[in-house]
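Below: one structure, written as structure tokens.
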């Protein structure tokens, strides 16, 4: 191989970039006989620069950038009946509205019936134990249980949307029962 | 290359210890020793110091994490054009030897070349050249690891695939996309409200997830390269648990719009939702079988959460799990042969693997807070969230549970991982 040919090959190598080349698909060159030898005494080597179809694989991330997004926050404003608790608590693994919260529920029912345009979101929550998606479904059951209590008191179902936050919005931090019992709850949120 | 399957060192199978593979840039903590590990030498690449990333360290960490390899440093610099001294290599007790070089090009790019040698038969197993700018050097290393893995095991490598996960720091919830080793993380979404259940589309371009930013769970689909996102499901009540069909045209989601948590199918472009399950209790966490014909899901219809299976057009339901009283978060391997899920036993939540041909179940982990498993696209590893010494972490395990690796990269709380598909090179 003369120097012009080598230069030609190098030019090819540097300009091509579209497709990959497998080194073992190019002709085998005995390094001892090759003018592009780097001094290796090995034989049976394939040689990258000896391939006339040589090109290197241009590597780039398929999605080289991930475009960051900032979502908007939302304000925690809630109207509703004055001086009435806006949360009821549940026992472990339970969806039963306990009798001690009946007065709270009746006060909300009264408010919703006398304010037909009021819209209530009942937000169910769980403690941190268990899977996140399954807890989301469990929290939904708690919100639905409170809705059922309100319906029995004559509240129009169209005024209520039940949603769940699962274990995602704990009221108390910690991994002991004192925190868990505060987190197993349904909250009343009135949309203004 | 089945000959490598026999190339295990019996000694390693007898030992069961903890191996810490420490590297200068990052640390891969790997515990356990597999019984069929291929011993491979990773020589220093000629000119390897030129690149800002230690290519050979990334390759070695990838191969170690797979559980299929036992990497070592033969202590020599060998480029891809040099035939190794096989007599000297014999003493290293390795079945393969990776050689290569790094060259800096005039335009600032790097040319990384490798060649793999079968040091049992003294054969050239081929190599390749990659040209890349600095930000893509990690990907080059992962691509080389993929090719080494495939040449020596016969299975496709997964090191150049990507994962997604969620972190929470104070009140910042972030959705991330990173390399399969947890490195090179890029933020896709930052929100003051929680994000859960990110799920890769089959083409690897989009993520579906649940965000609470609208003060209720709403399912979004998010194009990660443009940052454009759309609301997929925002029906009355809760919207959650998105799972893509294998063709990417539809998603299964859990909706409460008709009362209770039930599974619906919705077009990937949005629109009306078609109900699939019919129960008075909880049906959630759907996942399609690889052929799209059925959906595995969690239901409490029998009194406790168990995994069931239903045709994806609806129809008769078949119970899948029978052991224990809390089995959730099903996920399937791409060949449809394995079901991984989480089982509660007392206060422990542990990753389980069921062989769907025999229904045989094995527990894969020593940890007690396992969550959200997903398979690598080649089905050889499972990614999951757990807690180690009270700290949230992401880990991978081999299907025999013998090799567990902790992914690094994030220091805050980290959870909700999902392993993405193979990407086109």
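The values are calculated or read from the model by the stated rules, or taken from the named source; none is laboratory data. Please read all numbers here as calculations on a predicted model, not as lab measurements. Cβ: placed from backbone, ideal geometry, glycine included. Neighbour counts: every protein chain shown.
Limited to segment A:74-131, what total is found for residues that are touching a helix residue (DSSP H, G or I) at 6+ places or on another chain (Cβ under 6 Å), in a loop (DSSP other than H, G, I, E, B) and within 30 Å of residue B:351 (Cβ to Cβ)?
Number of matching residues: 4.
Scan segment B:102-123 for residues that are within 22 Å of residue B:150 (Cα to Cα), within 10 Å of chain A (Cβ to nearest Cβ) and either in contact (Cβ under 8 Å) with a residue 40 or more places away in the chain or out of contact with any strand residue (DSSP E or B) (no Cβ under 9 Å at 6 or more places or on another chain) (or both) and jot them down.
Listed by number, the residues that qualify are B:112, B:114, B:122.
Based on what the data block shows, is residue B:187 at the interface with chain A (Cβ under 7 Å from one of its Cβ atoms) and not in a loop (DSSP other than H, G, I, E, B)?
yes
Across segment A:150-182, which residue is nearest to the other protein chains (Cβ to nearest Cβ) among those that are surrounded by 20 or more Cβ atoms within 10 Å (Cβ to Cβ) and more than 21 Å from residue B:213 (Cβ to Cβ)?
This residue is A:160.
If residue B:81 satisfies every condition in (1) surrounded by 24 or more Cβ atoms within 10 Å (Cβ to Cβ); (2) out of contact with any helix residue (DSSP H, G or I) (no Cβ under 7 Å at 6 or more places or on another chain); (3) within 25 Å of residue B:378 (Cβ to Cβ) but one, which is the exception?
Among (1) surrounded by 24 or more Cβ atoms within 10 Å (Cβ to Cβ); (2) out of contact with any helix residue (DSSP H, G or I) (no Cβ under 7 Å at 6 or more places or on another chain); (3) within 25 Å of residue B:378 (Cβ to Cβ), the lone unmet condition for residue B:81 is (3).
Yes/no matrix, rows are residues, columns are (1) within 14 Å of another protein chain (Cβ to nearest Cβ); (2) touching a residue at least 24 places away in the same chain (Cβ under 8 Å); (3) more than 22 Å from residue B:37 (Cβ to Cβ):
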{"site": "B:351", "(1), (2), (3)": "yes, yes, no"}
{"site": "B:371", "(1), (2), (3)": "yes, yes, yes"}
{"site": "B:383", "(1), (2), (3)": "no, yes, no"}
{"site": "B:391", "(1), (2), (3)": "yes, no, yes"}
{"site": "B:403", "(1), (2), (3)": "no, yes, no"}
{"site": "B:413", "(1), (2), (3)": "yes, yes, yes"}
{"site": "B:416", "(1), (2), (3)": "yes, yes, yes"}
{"site": "B:423", "(1), (2), (3)": "yes, yes, yes"}
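Inspect all residues belonging to segment B:203-226 and state whether any of them is surrounded by fewer than 18 Cβ atoms within 10 Å (Cβ to Cβ), touching a strand residue (DSSP E or B) at 6+ places or on another chain (Cβ under 8 Å), assigned to a strand (DSSP E or B) and modelled with pLDDT of 95 or more.
Within segment B:203-226 (the criterion being surrounded by fewer than 18 Cβ atoms within 10 Å (Cβ to Cβ), touching a strand residue (DSSP E or B) at 6+ places or on another chain (Cβ under 8 Å), assigned to a strand (DSSP E or B) and modelled with pLDDT of 95 or more), the answer is yes, since at least one residue qualifies.
If a residue must be within 12 Å of another protein chain (Cβ to nearest Cβ) and more than 24 Å from residue A:165 (Cβ to Cβ), how many such residues does segment B:224-250 contain?
Number of matching residues: 5.
All but one of (1) in contact with a helix residue (DSSP H, G or I) (Cβ under 6 Å, 6 or more places away or on another chain); (2) closer than 30 Å to residue B:390 by Cβ; (3) in a helix (DSSP H, G or I) hold for residue A:135, so report the exception by its number.
Result: residue A:135 passes all but (1).
Restricting attention to segment B:194-223, report how many residues are without any contact (Cβ under 8 Å) to a residue 60 or more places away in the chain, within 17 Å of residue B:415 (Cα to Cα) and within 7 Å of chain A (Cβ to nearest Cβ).
3
Sort out which residues of segment B:148-161 are crowded, with 24+ Cβ neighbours inside 10 Å and not in a loop (DSSP other than H, G, I, E, B), and write them in order of number. Let's see the steps before the verdict.
First pass over segment B:148-161, keeping only residues crowded, with 24+ Cβ neighbours inside 10 Å: B:148-149, B:152, B:157-160.
Residues satisfying the conditions are B:148, B:149, B:152.
I'd like to know if segment B:68-75 contains one or more residues that are touching a strand residue (DSSP E or B) at 6+ places or on another chain (Cβ under 6 Å), surrounded by 20 or more Cβ atoms within 10 Å (Cβ to Cβ) and either within 14 Å of chain A (Cβ to nearest Cβ) or more than 24 Å from residue B:182 (Cα to Cα) (or both).
So far as segment B:68-75 goes, yes, one or more of its residues are touching a strand residue (DSSP E or B) at 6+ places or on another chain (Cβ under 6 Å), surrounded by 20 or more Cβ atoms within 10 Å (Cβ to Cβ) and either within 14 Å of chain A (Cβ to nearest Cβ) or more than 24 Å from residue B:182 (Cα to Cα) (or both).
From the list B:274, B:309, which residue is assigned by TED's automatic domain parsing to the domain that holds residue B:357, farther than 25 Å from residue B:376 by Cα and not in a loop (DSSP other than H, G, I, E, B)? Give the derivation first.
On the way: B:309 fails: farther than 25 Å from residue B:376 by Cα.
It is B:274.
Please count how many residues of segment B:321-352 are crowded, with 18+ Cβ neighbours inside 10 Å and in a strand (DSSP E or B). It would help to see each step written out before you state the result.
Initial filter on segment B:321-352 (crowded, with 18+ Cβ neighbours inside 10 Å): B:321, B:326-333, B:338-344, B:349-352.
Keeping just the survivors that are in a strand (DSSP E or B) gives B:327-332, B:338-344, B:349-352.
Residues in segment B:321-352 being crowded, with 18+ Cβ neighbours inside 10 Å and in a strand (DSSP E or B): 17 in total.
Listed here are the residues, each with its yes/no results for (1) within 31 Å of the chain's Cα centre (by Cα); (2) more than 7 Å from chain B (Cβ to nearest Cβ); (3) modelled with pLDDT of 85 or more.
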{"position": "A:45", "(1), (2), (3)": "no, no, no"}
{"position": "A:56", "(1), (2), (3)": "no, no, no"}
{"position": "A:73", "(1), (2), (3)": "yes, no, no"}
{"position": "A:80", "(1), (2), (3)": "no, yes, yes"}
{"position": "A:92", "(1), (2), (3)": "yes, yes, yes"}
{"position": "A:97", "(1), (2), (3)": "no, yes, yes"}
{"position": "A:105", "(1), (2), (3)": "no, yes, yes"}
{"position": "A:126", "(1), (2), (3)": "yes, yes, yes"}
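For segment B:126-147, enumerate the residues that are surrounded by fewer than 20 Cβ atoms within 10 Å (Cβ to Cβ) and either more than 26 Å from the chain's Cα centre (by Cα) or in a helix (DSSP H, G or I) (or both). Steps first, answer last, please.
In the first step, residues of segment B:126-147 are kept if they are surrounded by fewer than 20 Cβ atoms within 10 Å (Cβ to Cβ); the result is B:126, B:133-135.
If the condition is that a residue be surrounded by fewer than 20 Cβ atoms within 10 Å (Cβ to Cβ) and either more than 26 Å from the chain's Cα centre (by Cα) or in a helix (DSSP H, G or I) (or both), then B:126, B:134, B:135 are the ones that fit.
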